[in-house]
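Mind looking over this structure? Questions follow.
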Amino acid sequence: MQERFVSREEGQKLFSTAEGPEGGHALVFANSLGTDLTSWDTLLPLLPEGLRLIRWDKRGHGRSSVPEAPYHMGTLVSDAEAVCEAWGLSGVTFVGLSIGGLIAQGLAVKRPDLIGSLVLSSTAAKIGTPQLWADRIAALRRGGMEAIADGVMERWFSAAFREGPELAAWRARLAATPLEGYIGCCAAISGTDFWATTATLTLPTLGIAGSEDRSTPPDLVRETVALVAGSRTELIRGAGHLPQIEAPRDYAALLTAFLKETGHV
């Protein structure tokens, strides 16, 4: 694995990684709020060999810098653009989950040369309402990450997963997210509405939804993906908001089939 810190404004750094041959078709992965790039760890070994796999930690998360909140979606999109450019990418398959899916939509509109196809997973063109995010930010300012951790677990994971041994580790990862980074990204989501711009996209697009997702329910994912002509949405039954964690083999099968359809494996 190669590692690289991508420089941004005012000394900020974005931690990114690359795996696979430099000549392979590139997949870029953008994960959810409150997770870092390791949230793709169980998925990547299940994908076909020969791909170039790029991940990074959003600002305020993982090993990336944690600037003061609030953040703006335009900045997060520019961060993704900088990561792609740093690794010399073009025509990638961009896999965006949750806030990562918002970043994917924004970058596809801004830089169609960088993105050849999209996978929009557990996301929407607009997620929640400004009041919802204002209430969450207020709760975070009062009580820190612990104030929201249990509620997030209920929205992220199916009931069956929540009864299993892995839940505690994911809750701990969420609780360890830098408070300022989480709040900054909440603010970015709050101010984002891509309904009109996503409807202008024409590139190959796959939606992936989890049937038990309480953050971005399947119908919301379908409605967003349907904005892109010729797209389709697949449902992973029994999985919640992070289906690549709950059902990595199902997720890998859908992603691999899409790569075959688009001529990349």
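The values are calculated or read from the model by the stated rules, or taken from the named source; none is laboratory data. None of the values given here were measured: they were computed from a predicted structure. Positions of Cβ are backbone-derived with ideal geometry, glycine not excepted, and every protein chain shown enters the neighbour counts.
His61 is checked against (1) touching a Gly at 6+ places or on another chain (Cβ under 7 Å); (2) more than 28 Å from Ile148 (Cβ to Cβ) and fails just one. What number does that condition carry?
(2)
A quick yes/no check of all residues on (1) within 15 Å of the chain's Cα centre (by Cα); (2) outside any helix (DSSP H, G or I); (3) buried (at least 24 other Cβ atoms within 10 Å of the Cβ):
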site: Leu27; (1), (2), (3): yes, yes, yes
site: Ile54; (1), (2), (3): yes, yes, yes
site: Ala69; (1), (2), (3): no, yes, no
site: Ala80; (1), (2), (3): yes, no, yes
site: Leu120; (1), (2), (3): yes, yes, yes
site: Ile137; (1), (2), (3): no, no, no
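List every residue pair whose Cβ atoms lie under 8 Å apart, where the two residues are 6 or more positions apart in sequence or sit on different chains, the first residue falls within the range 1-26 and is under 19 Å from Leu47 (Cα atoms) and acidic (Asp, Glu), and the second residue, located anywhere, is surrounded by 15 or more Cβ atoms within 10 Å (Cβ to Cβ) and modelled with pLDDT of 95 or more.
Hits for this filter: Glu19/Leu44; Glu19/Arg52; Glu19/Leu53; Glu22/Arg52.
Which one of these is free of Cβ contacts under 8 Å to residues at least 12 places away in the same chain, surrounded by fewer than 24 Cβ atoms within 10 Å (Cβ to Cβ) and either within 17 Å of Asp36 (Cβ to Cβ) or touching a Ser or Thr at 6+ places or on another chain (Cβ under 6 Å) (or both): Ala172, Ala149?
Ala172
Would the range 176-197 turn up any residue that is in contact with an Asp or Glu (Cβ under 7 Å, 6 or more places away or on another chain) and among the aromatic types (Phe, Trp, Tyr)?
No, every residue in the range 176-197 fails to be in contact with an Asp or Glu (Cβ under 7 Å, 6 or more places away or on another chain) and among the aromatic types (Phe, Trp, Tyr).
Shifting gears a bit: Pairs, please: C-beta under 8 Å, at least 6 apart or cross-chain, first residue under 16 Å from Ile103 (Cβ atoms) and in the range 188-214, second basic (Lys, Arg) and part of a helix (DSSP H, G or I)?
Gly207/Arg222
Tell me, please, whether a residue that is under 12 Å from Thr205 (Cβ atoms) and of a type in the set (Gly, Ala, Ser) can be found in the range 90-99. Show your work before the answer.
Step one: list which residues in the range 90-99 are under 12 Å from Thr205 (Cβ atoms), which gives 93-96.
Among the residues that remain, those that are also of a type in the set (Gly, Ala, Ser) are: 96.
Within the range 90-99, one or more residues are under 12 Å from Thr205 (Cβ atoms) and of a type in the set (Gly, Ala, Ser).
Out of the residues in the range 215-229 that are in a loop (DSSP other than H, G, I, E, B), touching a residue at least 24 places away in the same chain (Cβ under 8 Å) and within 16 Å of the chain's Cα centre (by Cα), state the one that is surrounded by the fewest Cβ atoms within 10 Å (Cβ to Cβ).
Result: Ser215.
Continuing with this model, one more query. Criterion first (more than 16 Å from the chain's Cα centre (by Cα) and hydrophobic (A, V, I, L, M, F, W, C)) does Ala209 satisfy it?
no
Can you tell me which residue is farthest from Ile245 (Cα to Cα) among those in the range 195-211 that are out of contact with any Phe, Trp or Tyr (no Cβ under 7 Å at 6 or more places or on another chain) and buried (at least 24 other Cβ atoms within 10 Å of the Cβ)?
Initial filter on the range 195-211 (out of contact with any Phe, Trp or Tyr (no Cβ under 7 Å at 6 or more places or on another chain)): 195-205, 207, 209-211.
Keeping just the survivors that are buried (at least 24 other Cβ atoms within 10 Å of the Cβ) gives 198, 205, 207, 209-210.
Values: Thr198: 27, Thr205: 21, Gly207: 16, Ala209: 13, Gly210: 11 Å.
Only one residue fits best here, namely Thr198.
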